[in-house]
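S.K.: Below are the structure tokens for one structure; questions will follow.
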Amino acid sequence: MKTEKLIEELVLASKPVKRLDSPVSRFSRWLLFSISCVTAATLLCGLRSDLSLAIGRAGFSLQAVSALGLAVLSALSAFILSVPDRKRLWLWAIPLITLVLWFGAIGREFLVAENVQGGIGFSCARDIVLFALLPGMLLFWMLRRAAALEPGRVGVLAALAVAALGAAGIQFICMNDDPLHALLWHWLPVALVGGAGFAIGRVMLGKTTSS
């Protein structure tokens, strides 16, 4: 077969490839969908009865803002870093710094708490994972359509994003404001899910396609 004929057949057989939107555009769509999902789940579970009082407390607000900030920054970084030519250390570092700041917000409550009880919070850890399922499936699907050269790292950021978003929702349900409870059953599950994201990313994002 002549080269010209082969090229002609390949051109005819090829399908047009749809160009991906910018990382910020895709992130915005994901965020809108995910916040809607978590908000709906939170309302279905029922808001805590003392929410109006809780919002006025610095500890509650700092933890909620930290969790939401971690979700937003981690997801945005994941979308940007999933593009092959985007390698910037701060995109990886800022979400981790936010995770530490959330830890600090909880630590602040240890200093002012009169009595630390903790309590059992399996339901909080479970609900964080459940709240993260739909946003997580969408996020990994969207990231897979890019071409992440470091799927493990991108997976960590994606897992942190969805788990932190779930934790932000749980903050408006859980009545236990004890700092030990917040550390063991809110912060720690998010950190563990984020760590597991390395393996999840290697499996789900290791073979990418831009179709």
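S.K.: I need the full set of residues from the range 77-97 which are buried (at least 22 other Cβ atoms within 10 Å of the Cβ) and not small (Gly, Ala, Ser), in order please. Quick ask: steps written out before the conclusion?
M.R.: If we filter the range 77-97 for residues that are buried (at least 22 other Cβ atoms within 10 Å of the Cβ), which is where we start, we get 77-79, 81-82, 95.
Correct list: 79, 81, 95.
Results for (1) part of a helix (DSSP H, G or I); (2) farther than 21 Å from residue 32 by Cβ; (3) more than 19 Å from the chain's Cα centre (by Cα), shown as yes or no for each residue.
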residue: 69; (1), (2), (3): yes, no, no
residue: 74; (1), (2), (3): yes, no, no
residue: 80; (1), (2), (3): yes, no, no
residue: 94; (1), (2), (3): yes, yes, no
residue: 101; (1), (2), (3): yes, yes, no
residue: 109; (1), (2), (3): yes, yes, yes
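S.K.: Next question, about the same structure. Within the range 140-158, is even one residue within 23 Å of residue 32 (Cα to Cα), free of Cβ contacts under 8 Å to residues at least 12 places away in the same chain and in a helix (DSSP H, G or I)?
M.R.: yes
S.K.: Looking at 195, 201, 206, can you tell me which residue is more than 11 Å from the chain's Cα centre (by Cα), outside any helix (DSSP H, G or I) and over 21 Å from residue 119 (Cβ atoms)?
M.R.: 206
S.K.: Follow-up question, since we're still on this one. Just checking, which of 131, 122 is exposed (fewer than 14 other Cβ atoms within 10 Å of the Cβ) and of a type in the set (Phe, Trp, Tyr)?
M.R.: Selected residue: 122, the only one of 131, 122 that is exposed (fewer than 14 other Cβ atoms within 10 Å of the Cβ) and of a type in the set (Phe, Trp, Tyr).
S.K.: Okay, next question. With respect to residue 125, is the statement that it is among the hydrophobic types (A, V, I, L, M, F, W, C), more than 13 Å from the chain's Cα centre (by Cα) and at pLDDT 95 or above true? Give the derivation first.
M.R.: Details: among the hydrophobic types (A, V, I, L, M, F, W, C): yes; more than 13 Å from the chain's Cα centre (by Cα): yes; at pLDDT 95 or above: yes.
For residue 125, the condition - among the hydrophobic types (A, V, I, L, M, F, W, C), more than 13 Å from the chain's Cα centre (by Cα) and at pLDDT 95 or above - is met.
S.K.: Of 80, 55, which residue is β-branched (Val, Ile, Thr), within 30 Å of residue 206 (Cβ to Cβ) and at pLDDT below 95?
M.R.: 80
S.K.: Moving on. Which one of these is of a type in the set (Val, Ile, Thr) and closer than 14 Å to residue 187 by Cα: 154, 162? Show your work before the answer.
M.R.: On the way: 154 fails: closer than 14 Å to residue 187 by Cα.
Going through 154, 162 in turn, the sole match is 162.
S.K.: Right, here's the next one. Determine whether residue 105 is of a type in the set (Gly, Ala, Ser), in contact with a Phe, Trp or Tyr (Cβ under 7 Å, 6 or more places away or on another chain) and at pLDDT 95 or above.
M.R.: no
S.K.: Only residues in the range 38-51 that are farther than 18 Å from residue 164 by Cβ count as the first member; pair them with residues that are hydrophobic (A, V, I, L, M, F, W, C) and assigned to a helix (DSSP H, G or I), Cβ under 8 angstrom, at least 6 apart or cross-chain, and list the lot.
M.R.: What qualifies is 48/54.
S.K.: Which of the residues belonging to the range 158-184 are touching a Lys or Arg at 6+ places or on another chain (Cβ under 9 Å) and among the charged types (D, E, K, R)?
M.R.: Hit for the range 158-184 is 177, nothing else.
S.K.: In the range 168-199, how many are aromatic (Phe, Trp, Tyr) and farther than 18 Å from residue 73 by Cα?
M.R.: 2
S.K.: Let me ask another. Looking at 62, 43, which is the one that is assigned to a helix (DSSP H, G or I), over 23 Å from residue 102 (Cβ atoms) and either at pLDDT 95 or above or charged (D, E, K, R) (or both)?
M.R.: Unique residue meeting the criteria: 43.
S.K.: So residue 54 clears everything in (1) buried (at least 19 other Cβ atoms within 10 Å of the Cβ); (2) in contact with a Leu (Cβ under 9 Å, 6 or more places away or on another chain); (3) part of a helix (DSSP H, G or I); (4) aliphatic (A, V, I, L, M) except one condition, right? Which one?
M.R.: (2)
The values are calculated or read from the model by the stated rules, or taken from the named source; none is laboratory data. Remember, predicted model here, so these are calculated numbers, not experimental data. Here Cβ is always computed from backbone atoms with ideal geometry, including for glycine, and neighbour counts include all displayed protein chains.
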